[in-house]
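Below you'll find the structure, written out as structure tokens, and then a few comments.
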Amino acid sequence: MNKVLTAPAVPTRRSDHKLEKRSGSFVVTFKTMFVLFFLMLGSLVSTPIIAIAYVISSFRPKSTNSSYVGTVLLSGGKMTKSLQLARIFHRAGYKVILGESQRYRWTAHRFSNCVDQFEILPDCRSANYLDQISELVTRSNVDFFVPVCSPVSSFYDAKLVQRLSARCKVIHVNDEQIDSLDNKFEFAQICTELSLRTPKTFKITDYRQVAKFDFSVHQRKFILKSIAYDPVRRLQIPRLPFDDQAEMETFLKSLPISESNPWILQEFIAGTEYCTHSTVIDGNVQVCVICQSSAFQVNYDHVDHPEIADWIQSFCHGLKLTGQVSFDFIEASDDGQIYAIECNPRTHSAITAFHDFEPDQMARAYLLKAENNETLFPTSSSKPTYWIAHEIFRFFKAIVTFQWSEALERVKVVVDGKEAVFDWKDPLPFLCLHSIHIPAQLVQCLLSGKNWIRIDFNIGKLVRLGGD
């Protein structure tokens with residue numbers, strides 16, 4: 001039974017609140033200092049390995065401007081998926097320009113030997129964002145702009161598709177389609193129109209709609225999800241209805257549901273979840289990876305799933321899409337059918353599964369229309385990707401809670417997989433991520449007194465209370 005536990009009201013004094021605040025502040029400080037110590041210790045251990053790799057990589061032949069076959073601009077420089085694409089394009093002969101906002105200007109990935117030029121990009125919500133990106137494209141003779149964007153910036157990057165069409169090709173969904181794809185409710189409607197299976201979905205603008213909803217006429221339970229991206233509540237999704245109506249209404253009232261911030265009430269389907277990434281040009285899926293999913297996804301291992309691949313091709317062909325789209329699916333345990341849950345029209349970290357793919361072939365598929373409508377998938381020999389800091393944390397957590405099978409599983413993941421950031425040919429990003437990039441954000445939290453929920457080494461940021 002899902003419950004929202006509420007404590008009885010107890011009169012408190014002002015001194016009690018001050019003590020609680022000081023206590024909470026101490027816990028946050030201790031947590032932050034502990035992680036900083038852990039990262040510094042890890043950097044001391046890894047530095048000799050990185051130094052050896054750096055010396056080896058320094059003897060490799062360097063690209064020169066005269067040999068470039070084109071110029072690619074990548075945004076989202078703090079994220080691993082941007083680094084992965086930089087390595088692919090650079091090794092395929094392209095000049096790579098990596099961009100990131102002022103806040104993350106010292107991203108570890110700017111030190112990659114696959115990044116030829118680093119640029120500070122304006123905030124996507126600023127009035128001059130479109131103008132400055134256009135100016136950068138013109139000034140640097142950019143041939144391809146590949147946004148590796150956040151949920152917020154994907155909307156603004158869509159406006160650049162038409163605006164930059166005369167100067168470069170933008171691998172992104174256009175502004176006529178972005179809103180519908182990024183809206184969980186409208187996406188479900190599109191799937192229905194294309195006769196593609198998706199869970200029952202209802203738009204919610206007031207918690208009372210859920211409180212009065214007749215769940216009895218449906219066989220499955222339901223969940224509530226914010227249409228707008230919510231990094232905190234996306235990990236806390238209880239099933240509805242609760243056994244106790246009063247407790248359910250208390251929970252519903254706590255959610256920020258409104259006309260301006262609508263949610264969806266969606267049928268909950270138990271089964272195996274999958275996340276995907278697809279790069280699409282003129283309706284043809286040219287690059288595709290399919291992985292089993294989880295709420296906090298930091299492991300990617302491609303699986304062959306023809307039914308999901310066909311679903312993606314049908315959807316993208318039906319809308320004649322061009323861009324990067326990431327679909328989430330569930331394979332129902334009760335009827336065995338595939339259901340599309342949502343679409344995120346942007347790059348997915350599952351792209352790291354292409355770490356051992358031929359760069360020339362991968363770059364062509366990502367940027368240019370395939371003549372034979374071929375789709376590239378990771379090879380069967382591609383090792384699963386992971387982030388070592390997450391695996392170490394999981395390992396020690398399993399040890400202290402006596403979950404020996406989980407501890408062995410973390411060891412197996414590391415032995416059988418590939419660290420997503422570390423590359424013998426390009427070692428500095430790994431060192432800088434753990435000794436500069438993340439520690440700098442932790443120090444900022446110490447100085448500001450702000451709390452954080454978790455560290456996501458994948459996207460290179462701290463997830464904080466109330467969002468970023």
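Kirkwood radius for the stretch 264-421, taken over all pairs of different Cα atoms as the inverse mean of 1/r, rounds to 16.8 Å. Here the stretch 52-179 is treated as a sphere whose radius is the Kirkwood value from Cα pairs; by Stokes-Einstein at 20 °C and 1.002 mPa s it diffuses with a coefficient of 142 µm²/s.
Taking a ≥ b ≥ c as the square roots of the Cα gyration tensor eigenvalues, the stretch 138-227 comes out prolate, since a/c reaches at least 1.5 and a/b is larger than b/c. Assuming charge only on the beta carbon of Lys and Arg (+1) and of Asp and Glu (-1), the dipole of the chain about its Cα centre is about 1800 debye to the nearest 20.
Quick one: pull the percent of accessible area on the chain belonging to carbon and sulfur, 1.4 Å probe, ligands and nucleic acids left out. After summing per-atom areas, the C and S share lands at 55 percent.
In the calculated pair-distance distribution of the stretch 262-317, the portion above 18 angstrom amounts to 45 percent of the Cα-Cα pairs. Peptides 166-177, 362-373 ordered by packing proxy, namely the average of other Cβ atoms within 10 Å per residue, highest first: 166-177, 362-373. Ranked by the mean number of other Cβ atoms within 10 Å of their residues, highest first, the peptides 84-95, 435-446, 405-416 fall in the order 84-95, 435-446, 405-416.
The T138 and R364 beta-carbon pair, evaluated with R₀ = 25 Å, returns a calculated FRET efficiency of approximately 0.50. Given a Förster distance of 22 Å, report the FRET efficiency between Q292 and A270 from their Cβ-Cβ distance, rounded to the nearest 0.05. Using R0 = 22 Å, I get an efficiency of 0.90.
Translational diffusion of the chain, estimated by Stokes-Einstein from the Kirkwood radius over alpha carbon pairs at 37 °C in a medium of 0.692 mPa s, is 137 µm² per second. Computed over the chain, the per-residue total of -39500 (n - 2.57) for DSSP H runs of n ≥ 4 gives a 222 nm mean residue ellipticity of -11500 deg cm²/dmol, rounded to 500.
Students often get this wrong, so check it: of K78/K412; K203/K320; K81/K169; K225/K450, which have C-alpha atoms separated by over 22 Å? Numbers along the way, then the final one.
On the way: K78/K412 28 Å; K203/K320 26 Å; K81/K169 20 Å; K225/K450 26 Å.
Over 22 Å Cα-Cα: K78/K412; K203/K320; K225/K450.
Judged by the ratio a/c of the largest to the smallest principal axis of the C-alpha gyration tensor, the stretch 86-150 counts as oblate, that ratio being 1.5 or greater while a/b is no larger than b/c. To the nearest 20 Debye, how big is the dipole of the stretch 31-129 about its Cα centre, given +1 on the beta carbon of each Lys and Arg and -1 on that of each Asp and Glu? I would put it at about 140 debye. Taking 12 Å as the straight-line reach from the Cα of K397, the aspartates and glutamates in range (excluding those fewer than 8 positions away in the same chain) are E406.
Once the chain from E307 to Q444 is taken as fully extended at 0.36 nm per residue, the excess over their C-alpha distance is 44.7 nm.
The values are calculated or read from the model by the stated rules, or taken from the named source; none is laboratory data. Every value quoted in this text rests on a predicted model; they were computed, and no experiment measured them. Cβ: placed from backbone, ideal geometry, glycine included. Neighbour counts: every protein chain shown. Note: accessible area is taken over every heavy atom of the protein model, side chains too, but ligands, DNA and RNA are not part of it. Shrake-Rupley method; radii C 1.70, N 1.55, O 1.52, S 1.80 Å.
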